[in-house]
1. Looking at Ser46, Ser138, Ser87, can you tell me which residue is crowded, with 19+ Cβ neighbours inside 10 Å, touching a residue at least 24 places away in the same chain (Cβ under 8 Å) and among the polar types (S, T, N, Q)?
2. Under 7 Å between Cβ atoms, which residue pairs at least 6 apart in sequence (or on different chains) link something in region 98-113 that is under 20 Å from Val319 (Cβ atoms) and in the same structural domain as Lys190 (by TED's automatic domain parsing) with a partner that is of a type in the set (Val, Ile, Thr) and assigned to a loop (DSSP other than H, G, I, E, B)?
3. Out of everything in region 162-173 that is among the hydrophobic types (A, V, I, L, M, F, W, C) and assigned to a strand (DSSP E or B), what residue ends up being surrounded by the most Cβ atoms within 10 Å (Cβ to Cβ)?
4. Would you mind telling me which numbered condition in (1) touching a Pro at 6+ places or on another chain (Cβ under 8 Å); (2) within 28 Å of Lys190 (Cβ to Cβ) Ala105 fails?
5. Quick one: which of Ala77, Ala115 is in contact with a Ser or Thr (Cβ under 8 Å, 6 or more places away or on another chain), buried (at least 19 other Cβ atoms within 10 Å of the Cβ) and of a type in the set (Gly, Ala, Ser)?
6. Does Asn150 meet the test of being assigned to a loop (DSSP other than H, G, I, E, B) and out of contact with any Ser or Thr (no Cβ under 6 Å at 6 or more places or on another chain)?
7. Can you name the number of the only condition in (1) within 18 Å of Val200 (Cβ to Cβ); (2) surrounded by fewer than 21 Cβ atoms within 10 Å (Cβ to Cβ); (3) out of contact with any Phe, Trp or Tyr (no Cβ under 8 Å at 6 or more places or on another chain); (4) not polar (S, T, N, Q) that Ala157 fails?
8. Looking at the structure I just gave you, is Val159 in the same structural domain as Gly242 (by TED's automatic domain parsing), in contact with a Ser or Thr (Cβ under 9 Å, 6 or more places away or on another chain) and either hydrophobic (A, V, I, L, M, F, W, C) or not in a helix (DSSP H, G or I) (or both)?
Amino acid sequence: MNLKQLGWKEAFGELKENTIVARVISEQRQFYKLHDGIHELIGEVSGKFQFQANVKSDYPSVGDWVIIEPLKNENKAIIQKVLPRISQFSRQSAGDKTEEQIVAANIDFVFLVMALNNDFNIRRLERYLLVAYDSGASPIIVLTKKDLCNDLSAKIAAVEEIAFGVPIFTVNSTNGEGIEDIKNIVSEGKTVSLLGSSGVGKSTLLNALLGEMKQLTQGVREGDDRGKHTTTHRELFFLPNGGMVIDTPGMRELQLWGGEEHISSTFSDVDELAKFCKFSDCTHESEPGCAVNLALQNGELDQVRLTSYRKLKRELAYVERKQDASLARLEREKWKKIHKIMNTKSYK
């Protein structure tokens with residue numbers, strides 16, 4: 001394996017002489033499994049790295065390219081720097097703290113995985129589409145558990161209504177139906193991230209792509225037809241054809257981190273109508289001459305679709321306000337740290 005097969009692209013820049021890079025293929029409690037194209041190594045960030053890191057997203061994530069210093073006669077390395085990401089899938093970190101969590105980095109495609117059984121949810125898919133567009137990777141919708149669906153055509157039509165121009169694949173991962181079509185997308189050197197809620201069949205899909213049981217799988221729960229959570233951490237897997245898949249733990253709720261500039265891509269039907277509003281800054285609430293509300297009254301736009309649009313817009317505005325407050329706090333903390341260092345030096 002070489003760096004290109006690992007996903008290295010010219011966009012990362014030209015490497016200086018004696019610079020060694022590796023890709024992060026898994027992370028657990030700030031210990032990183034790395035691959036330099038020849039060997040797998042266990043990595044830790046340097047003390048200088050920790051001092052300079054201000055937020056969680058500064059640290060390496062699965063899919064990242066990092067500059068390393070291998071330790072002689074050991075299967076270990078010190079991570080000196082994370083190279084700029086060309087794409088990243090982010091979400092609001094769990095907990096009360098306003099902080100970005102990088103779920104996967106430097107990905108070419110995002111597979112939005114949704115089950116065709118009782119867990120089918122168009123509104124959730126709209127949210128995932130927004131995150132996918134914001135990541136900088138190309139979204140592809142993969143509908144799993146085809147064998148448990150009695151109204152396949154209707155559900156595909158429902159997805160097509162909200163995912164304009166996005167490729168849609170249906171699969172039955174247990175018998176391999178539809179898997180070959182997906183394998184052809186993830187060609188050598190390409191990286192895909194699996195995104196979906198808990199129990200939609202991501203682990204079963206990954207096993208089908210790998211051709212072996214790498215990830216544990218569990219059946220659906222009785223009563224609600226929902227799958228059971230299986231994946232516990234993020235990890236990059238190498239496919240037999242040379243492609244790579246980043247598997248991520250399922251999420252019951254995907255909290256947004258950004259995407260305001262991509263809301264028009266996710267809701268291109270609403271955006272197209274908005275071009276005919278009387279006011280360019282129309283919020284599509286109660287303004288006169290609103291083409292969006294007119295389309296709603298005429299039956300050209302579904303009320304549930306518009307409600308989802310408004311909900312995501314309000315959520316993004318709220319997230320932005322929280323991030324602005326968090327950035328101001330981080331700036332204050334940074335200068336406190338600098339002043340503390342300067343005061344310590346002045347007493348010596």
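The values are calculated or read from the model by the stated rules, or taken from the named source; none is laboratory data. Please read all numbers here as calculations on a predicted model, not as lab measurements. Note: ideal-geometry Cβ built from the backbone for every residue, glycine included; neighbour counts use all protein chains shown.
1. Ser87
2. Glu99/Val55; Glu100/Val55; Val103/Thr248; Ala104/Val62; Ala104/Thr248
3. Ranking the qualifying residues of region 162-173, first place goes to Phe169.
4. Tallying (1) touching a Pro at 6+ places or on another chain (Cβ under 8 Å); (2) within 28 Å of Lys190 (Cβ to Cβ), Ala105 fails exactly one: (1).
5. Ala115
6. yes
7. (1)
8. In short, no.
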